[in-house]
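Notes follow the structure.
The values are calculated or read from the model by the stated rules, or taken from the named source; none is laboratory data. Just so it is clear, the structure is predicted and the values come from calculations on it, not from any experiment. Reconstructed Cβ throughout: ideal geometry from the backbone, glycine too, with neighbour counts over all protein chains shown.
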Amino acid sequence: MIPWNYHNMNLNDICEKCHHKCNAKYFQQNFKNWTSGNNNIDKFIQGTQLSTHIFGHYHYGVSKAAVEWIPYDRLYNIKSVESRFGKMYKANWIDGNIIYWDNEKNNWKRINQNLLVILKTFDDPNNIESDFRTQITTLHANYGITQDPETKTYMAVMDNRCRICKAIIFQQYFNSWTSGNNDIDKFIQDSQLSDHSYISKTLEWIPYDRFCDIKYIAKGGFGKVYRAKWIDGYIVKWDIYNRIWERNGQLKFVALKSLNNSKDINSKFINEAMLHYKIVDSDKIIKFYGITQEPETKNYVMVLDYAQYGSLRNYLDENYKELSWNYKFSYLKYLASGLEHIHKNELIHRDLHPGNLLVSNYAKIADMGLCKPVNSENTKNGIYGVLPYIAPEILQNKDYTKAADIYSFGIIIYELMSGLPHIMM
């Protein structure tokens, strides 16, 4: 077969609108080879296909507006699913969706063979355009239309994945909760409005009664830490059928970090929460799920991932003799990667020491209470941190820099290698 080019084109193949042999012409040449059996549906499908004026050899980009007639026998494993949007089914589509015209094979190139799709029945086959603009069809990529040969019911064939981002869903529920503090509400809402991902990393307001088996485990300079079970678990994605958040980790242990006197919310609490959220997309940083409030003290509480082995210092005290060199290097690699992530976000931790490094399967960085942006004025005044891990230049009243964090990390390396607290070296 001779590949298509401008020199062997028939003038009848040229599109009158774009003056090229475009996708619309390839679709048009195939009109005679299919029919839905309904003139309105045929016209609707053909209209979407004639709007795809993209051309070129192996050109990616068939318009998402174009749909096709999909014979019912190209679908299998068809199962009914519950939905508030009417009758819907899940199925596998043997052929998969079109991505471009293959000039060498003189046919459409397809991907996603055996693709999981949704089949949504039309309310009115004579008013297809209106049905395609209903709530459910606007939430999904539309591939085409098919018909059940037994019931004669026409159905839209759609991508199984909802294409609406979670930010819109979160926004619809802003009026259903409040922390009781405008600054915290705005912080949580801003995190939710920025969440356009498939897997959620957003924060949420978590009512305190959604925790059980709460147990005090430690006290720090800024407050107390508790362990609790989170009844609901964290958000994964939006369930479009039941219109609820799909969650994982039900009854998982979490850490509740309560800051002293945070009932009178101050910049310290908001600062730690905001900077922790900024770097929460790394698995080398302790996960931050949301904020809650103790009903008795009214203190606000950060809900964090729970590290089952506690701080690195405690872990070394109890397990150093059994800790292999492979594990030591693995922990250091994770911590170095976490510190690199903090620095790439133009932040300085300023309080790196084994008490702020937590161990579960891996070692992770925690406690952003003293964390500051690189150019913050607060990096220029005062001495912060645990003395043995503070860089010498800081003790000479120099500015905090990324290098000061690296000095602290160097002490941690030596401590992890020797097993001894720095003060005993």
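What the table shows:
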item: Leading residue by the ranking (surrounded by the most Cβ atoms within 10 Å (Cβ to Cβ)) among those in the stretch 99-130 that are touching a Lys or Arg at 6+ places or on another chain (Cβ under 7 Å) and of a type in the set (Val, Ile, Thr); result: 118
item: Tally of residues being in contact with a Phe, Trp or Tyr (Cβ under 8 Å, 6 or more places away or on another chain), in a helix (DSSP H, G or I) and not hydroxyl-bearing (Ser, Thr, Tyr) across the stretch 264-313; result: 7
item: Checklist (1) buried (at least 18 other Cβ atoms within 10 Å of the Cβ); (2) out of contact with any helix residue (DSSP H, G or I) (no Cβ under 6 Å at 6 or more places or on another chain); (3) under 23 Å from residue 180 (Cα atoms); (4) at pLDDT below 90 applied to residue 303, failing item; result: (4)
item: Any hit, the stretch 315-329, residues being within 23 Å of the chain's Cα centre (by Cα), part of a loop (DSSP other than H, G, I, E, B) and either modelled with pLDDT of 90 or more or buried (at least 17 other Cβ atoms within 10 Å of the Cβ) (or both); result: no
item: Sole exception among (1) modelled with pLDDT of 90 or more; (2) closer than 20 Å to residue 177 by Cβ for residue 270, by number; result: (1)
item: Residue satisfying condition, being free of Cβ contacts under 8 Å to residues at least 40 places away in the same chain and either surrounded by 15 or more Cβ atoms within 10 Å (Cβ to Cβ) or not assigned by TED's automatic domain parsing to the domain that holds residue 267 (or both), within set 338, 385, 369; result: 385
